[in-house]
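Working notes, beginning with the structure itself.
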Amino acid sequence: MKNYLLIKYLLVFIKKYTFIFFTTVIFLISPFSKSYSEENVFTINNINVEGPINLNFTREKYLNKAFLNSFEVLMNKILLTRDLKRVENIKIKEIKNFISKFKITEESYKKGKYKLKIKIFYNEIKIKKFLRQKNISFSLPENISAIFYPILFINDEIQNLENNFFYKNWKNVEIQNELINFILPLEDLEDVSQIIEMKNKIEELNVNSLVNKYDIKNYVFALMDYKNAKLNIYIKSNFNNVETSKNFSHKLKNINDEILLNFILKDLKKEITDLWKEKNLINLLMPLSINLKFKHKNLKDLDKLKNIFNKISVIDKYVLEEFNITNSFFKIYYYGSPKKLKSELSKFGYQLKNKQGSWHLNLND
């Protein structure tokens, strides 16, 4: 019996220290600084360029054009509209320096025309450094669905949805990197009556009573009032239970000027998208840190967690400070807020919880 207990003790002892030894080797070999994964928001897919094959043709010219286009796509994806001007006129040499690698997915020389489709992998560290130097925050918003409720008054007369330019053309006008799947409502006479009654005190309008019937929590209510050659726009939005309102206007001599109306519609989409982006802004000048405890079963759990950390863009770097056979203790340096970090970890099946002032990370069951 004593021999059995001794053998059992030795097996547990060996298992424990073998685990610690190999874990130490893994994390000593691997740098504590984050090694960034390829597939994330900084990977730009399906950039297409084409043009004639003539005496001035060079493959490099089209590659450079693809790089310029991809950088524009990336900036539109992660920056607010107001900050895009601050990254204009970036030279191709600097853009190339931001690129880790690229992959040509399609290429053809046919009938005097050259076509190229390319995938670009941007270096996340270099992009963040570039934005930090310019004091620009970037956004990491998710794609969401929202009810879009456009109301148009022309000279104090409400337009039914069939005659509402913004309702009819909302789906036809696109912006780069659409983040919101807009769902248009059905016309309801009760809704119309309620809106007319509240027009002059629209801030008090209970928008939830209009959108609840669609079983979607996110909404954007846009009241557009055309009068005296001016279109005043009031937006009230609710994204993930956070309400925001905003007012702006456009000069518009002719309410039937479709070219200008299309421009206004596109601008309205950008304004709404910016409202969603603002909820997900990450200030690169103010990194935070958090200490967390992770309960693991084996080395695979730790290795998997390390790969997850590498995939999350808000995480700058991490350090394994302490570990034993059942728990590991990390220090995470990240941008944003604990809520954002929690949300990003949840996408990969992890729960970050605060238990009496101590942060714990667990795999979802």
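Rule-based calculations on the coordinates, nothing more; no lab input. Here the structure is a predicted model, which is why all the values come from computation and not from measurement. Here Cβ is always computed from backbone atoms with ideal geometry, including for glycine, and neighbour counts include all displayed protein chains.
Placing a label point 7 Å from the Cα of LYS355 along the Cα-to-Cβ direction, the residues of the stretch 320-347 whose backbone N falls under 13 Å of that point are 327-328.
Here the ratio of the Cα radius of gyration of the chain to 2.2 N^0.38 Å is 1.29.
Over 28 Å apart at the Cα level, from the set LYS126/LYS347; LYS65/LYS347; LYS65/LYS126; LYS129/LYS347, are LYS65/LYS347. For PHE138, the residues 5 or more places off, or on other chains, whose built amide H falls under 5 Å of its own are ILE282, LEU284.
Tell me, in nm to one decimal, what length is gained between PHE263 and ASN206 on full extension, where the rule is 0.36 nm per residue of separation less the Cα-Cα distance? Don't jump to the answer; show the numbers that get you there.
On the way: separation 57, 0.36 × 57 = 20.52 nm, distance 2.93 nm.
Answer, rounded to one decimal: 17.6 nm.
With r as the distance between the Cβ atoms of ASN89 and ASN163 and R0 = 56 Å, compute the FRET efficiency 1/(1 + (r/R0)^6) and round to 0.05. Before the final figure, lay out the partial values.
Numbers: r = 42 Å, r/R0 = 0.76.
About 0.85, to the nearest 0.05.
May I ask for the percentage of alpha-carbon pairs in the stretch 43-137 that lie more than 17 Å from each other? Here the tail beyond 17 Å accounts for 52 percent of pairs.
How big is D for the stretch 96-164, in µm² s⁻¹ as a whole number, if Stokes-Einstein is applied with the Kirkwood radius of its Cα pairs at 37 °C and 0.692 mPa s? Intermediate values should be presented prior to the final figure.
Working: Rh = 17.7 Å.
The Stokes-Einstein estimate is 185 µm²/s.
Using 0.36 nm per residue and subtracting the Cα-Cα separation, the extra length available between LYS61 and GLU106 on full extension is 14.6 nm.
Using 1/(1 + (r/R0)^6) with R0 = 45 angstrom and r between the beta carbons of ASN97 and SER193, what's the FRET efficiency to the nearest 0.05?
Values: r = 59 Å, r/R0 = 1.32.
Computed FRET efficiency for ASN97 and SER193: 0.15.
By the Cα gyration tensor, the stretch 286-363 has an equivalent ellipsoid whose semi-axes, rounded to whole angstrom, run 18, 14, 12 from largest to smallest.
A Förster radius of 41 Å, combined with the Cβ-Cβ distance separating ASN228 from GLU174, puts the computed FRET efficiency at roughly 0.85. Placing dummy labels 7 Å off each Cα toward the beta-carbon, the span from GLU278 to ASN143 is 2.5 nm. You can think of it this way: the chain between LYS126 and VAL319 has 67.4 nm of extra reach, that is 0.36 nm per residue less the Cα-Cα gap. Label-to-label distance, ASN247 versus ILE53, with points set 7 angstrom from Cα along the beta-carbon direction: 6.0 nm.
Please express the shape of the stretch 144-279 as an equivalent ellipsoid: the semi-axes are the square roots of 5 times the eigenvalues of the C-alpha gyration tensor, given largest first in whole angstrom.
Working: eigenvalues 87, 70, 38 Å².
Values for the stretch 144-279, descending: 21, 19, 14 Å.
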